[in-house]
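All remarks here apply to the structure that follows.
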Amino acid sequence: MTHKSGFVNIIGNPNVGKSTLMNALVGERISIITKKAQTTRHRIMGIVNGDDFQIVYSDTPGILKPSYKLQESMMRFVESALDDADVILYITDTYETPNKNQAFLDKLQNLGAPIILVINKVDLTTQEKVEELVKLWGEILPKAQILPVSALHGFNTDGLISMIKEILPEGPEYFSKETLTDKTMRFFASEIIREKILLHYQKEIPYSVEVEIEEYTEDKKLDRIRAIIYVSRESQKSIVIGHQGKMLKRVGTEARIDLEKFLGKKVFLEMYVKVDPDWRDNDNKLKRFGYMQ
Ligand code: GDP
Ligand code: MG
């Protein structure tokens, strides 16, 4: 029996639905999703195993021009995903104009890995518009196979999986077949908390916040998690906490409910807010938070 395997790396501009697609392909809620750009800050692997195949998907941050060190690290995750891809899933949506970043698209074409261009969010437009986009993208990325999908509604995601399995090269298992991801439970806990913060706060808070799991104690029936929420300024701290702690309480309750679903057991979640003015530009802190080696 031949065994197929490889790194299938999901790349594209912010907000086109990369993380939604990743979760649909893996069938688990591995990546957090919000309407805000820069929700995904890491390269996150989601692994799908079969007897004769192993697909290692990678979700990545949206492509941007970095203005601080955290964003430089985010773009290094994208670069690494370009380097080791066996298959590139370049995601666009029905809003994005095809000529937005030609230099990047030229680079993609020259990489050598096969490209599947996924036009996501087709649920939001007409058949005619989709056909027009398929034609336009075909001219811009002639090497790519093109597939319209709706990651949110699961339209054509099975078709995409078949296409991926078809072009996946022969190869060994890179991870043991029980592995679902390269990330730890601590990582998912911090991401779930950050998702709730992104959902409930506006302006610069989503981009200034980091969540660190200070302590994680596993037990048969209950996991105890202590999280520190870092913000950049004193004023942001009081916004995050809210009047009489109400806002933070809401974040905590929602995060706990999601964590309990994810783990299938009870969770005791404690959260503290701390001010750290420069974490986004500090090498040591970026290392500590897992953004740098
Ligand atoms: P990312 O930044 O590329 O990872 O995008 P996300 O997966 O975080 O999604 C950004 C937003 O687009 C979220 O509000 C999603 O619910 C929404 N979205 C993703 N896929 C679809 C889709 O197929 N249809 C629609 N209507 N919305 C989608
Ligand atoms: Mg994302």
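The values are calculated or read from the model by the stated rules, or taken from the named source; none is laboratory data. Remember, it's a predicted structure, so these values are computed and weren't measured experimentally. Glycine also receives a Cβ, built like all others from the backbone with ideal geometry; neighbour counts cover every protein chain displayed. Side chains included, ligands, DNA and RNA excluded: accessible areas come from the protein's heavy atoms. Shrake-Rupley method; radii C 1.70, N 1.55, O 1.52, S 1.80 Å.
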task = Report Asp51's accessible area, 1.4 Å probe, all protein chains in place, as a number in Å² to the nearest 10.
result = 140 Å²
inquiry  = Based on C-alpha coordinates, I'd like the Rg and Dmax of the stretch 179-220, in Å.
reply    = 12.5, 40
Rg/Rg_ref, the stretch 66-137, where Rg_ref = 2.2 N^0.38 Å and atoms are Cα = 1.27
Cα Rg, Dmax (largest Cα-Cα span) when computed across the stretch 4-167, Å = 14.7, 44
ask   = Between the stretch 135-151 and the stretch 47-91, how many Å separate their Cα centres?
value = 19 Å
Length-normalised contact order of the stretch 4-167 in % [C-alpha pairs under 8 Å, at least 6 apart] = 24 percent
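Once you have the Cα-Cα distance between Glu132 and Arg226, take 0.36 nm times their residue separation minus that, and quote the gain in nm to one decimal. Numbers along the way, then the final one.
On the way: separation 94, 0.36 × 94 = 33.84 nm, distance 5.06 nm.
Length difference between fully extended and current span is 28.8 nm.
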inquiry  = With viscosity set to 1.002 mPa s at 20 °C, what whole-number translational diffusion coefficient in µm²/s follows for the stretch 234-293 from Stokes-Einstein and a Kirkwood radius over Cα pairs?
reply    = 157 µm²/s
remark   = Links exceeding 23 Å between C-alpha atoms in this model, out of Lys183/Lys249; Lys177/Lys266; Lys183/Lys220; Lys18/Lys183, come to Lys183/Lys249; Lys177/Lys266
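Based on DSSP H runs of at least 4 residues, each adding -39500 (n - 2.57), what is the mean residue ellipticity at 222 nm of the chain after dividing by all its residues, to the nearest 500 deg cm²/dmol?
Working: 10 runs with 109 residues, N = 293.
Computed mean residue ellipticity for the chain: -11000 deg cm²/dmol.
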remark   = With the 8 Å Cα cutoff and a minimum separation of six or more residues, the stretch 11-58 has a relative contact order in percent of 29 percent
query = Counting only residues 5 or more places away or on other chains, whose amide H sits under 5 Å from the amide H of Thr181 once H atoms are built in the peptide plane?
reply = Ile47
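Skip the ligands, DNA and RNA, and give the accessible area per residue of the chain with a 1.4 Å probe, whole Å². Write down the numbers at each step before the final one.
Values: 14150 Å² over 293 residues.
Accessible surface, normalised per residue, equals 48 Å².
Would you mind giving the average projected area, over all directions, of the Cα convex hull of the chain in nm² with one decimal?
Numbers: hull surface 64.8 nm².
Approximately 16.2 nm², given one-decimal rounding.
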key: Counting all C-alpha pairs of the stretch 114-228, share separated by more than 17 Å (%)   = 73 percent
Length gained when the stretch Asp52-Asp281 is fully extended (0.36 nm per residue, less Cα-Cα span) = 78.0 nm
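Relative contact order of the stretch 185-288: what whole-number percent is it, with Cα pairs under 8 angstrom and at least 6 residues apart? Can you show the working numbers first?
Working: 144 pairs, mean separation 30.0, N = 104.
In percent, rounded to a whole number, it is 29.
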task = Would you mind counting up the charge near Pro169? Only other residues with Cβ under 9 Å from its Cβ, with Lys and Arg at +1 and Asp and Glu at -1.
result = -1
Residue-wise HN-Hα coupling along the stretch 110-115, computed from phi with Karplus coefficients 6.51, -1.76, 1.60 (Hz; x: Gly, Pro) = 8, 6, x, 6, x, 10
message = Using the Karplus curve 6.51 cos²θ - 1.76 cosθ + 1.60 with θ = phi - 60°, what ³J(HN,Hα) values do you get for each residue of the stretch 244-249, in whole Hz, with x for Gly and Pro?
response = 6, x, 5, 5, 5, 4
query = Tell me, what ³J(HN,Hα) does each residue in the stretch 52-62 have, in order and in whole Hz, if you take phi through Karplus 6.51 cos²θ - 1.76 cosθ + 1.60 with θ = phi - 60° and put x for Gly and Pro?
reply = 10, 7, 9, 9, 9, 7, 10, 8, 9, x, x
request  = List, in the order given, every pair from Lys100/Lys143; Lys237/Lys261; Lys165/Lys261 whose Cα-Cα distance in the structure shown is over 20 Å.
outcome  = Lys237/Lys261; Lys165/Lys261
message = What number results when the radius of gyration of the stretch 185-288, computed over Cα atoms, is divided by 2.2 N^0.38 Å?
response = 1.05
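Whenever you get a sec, compute what percent of the accessible area on the chain sits on carbon and sulfur atoms (1.4 Å probe). Mind dumping the intermediate values first?
On the way: 7310 of 14150 Å².
C and S fraction of accessible area: 52 percent.
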note = Taking Cα atoms, the helix 157-167 axis meets the longest principal axis of the chain at an angle in degrees (rounded to 10) of 60 degrees
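So which GluC sites (Glu not before Pro) in the stretch 147-231 end up in coil per DSSP with only 11 or fewer other C-beta atoms within 10 Å?
Working: sites: Glu166, Glu170, Glu173, Glu178, Glu191, Glu195, Glu204, Glu210, Glu212, Glu214, Glu215, Glu218; in loops: Glu173, Glu178, Glu204, Glu218.
Filter output for the stretch 147-231: Glu178, Glu218.
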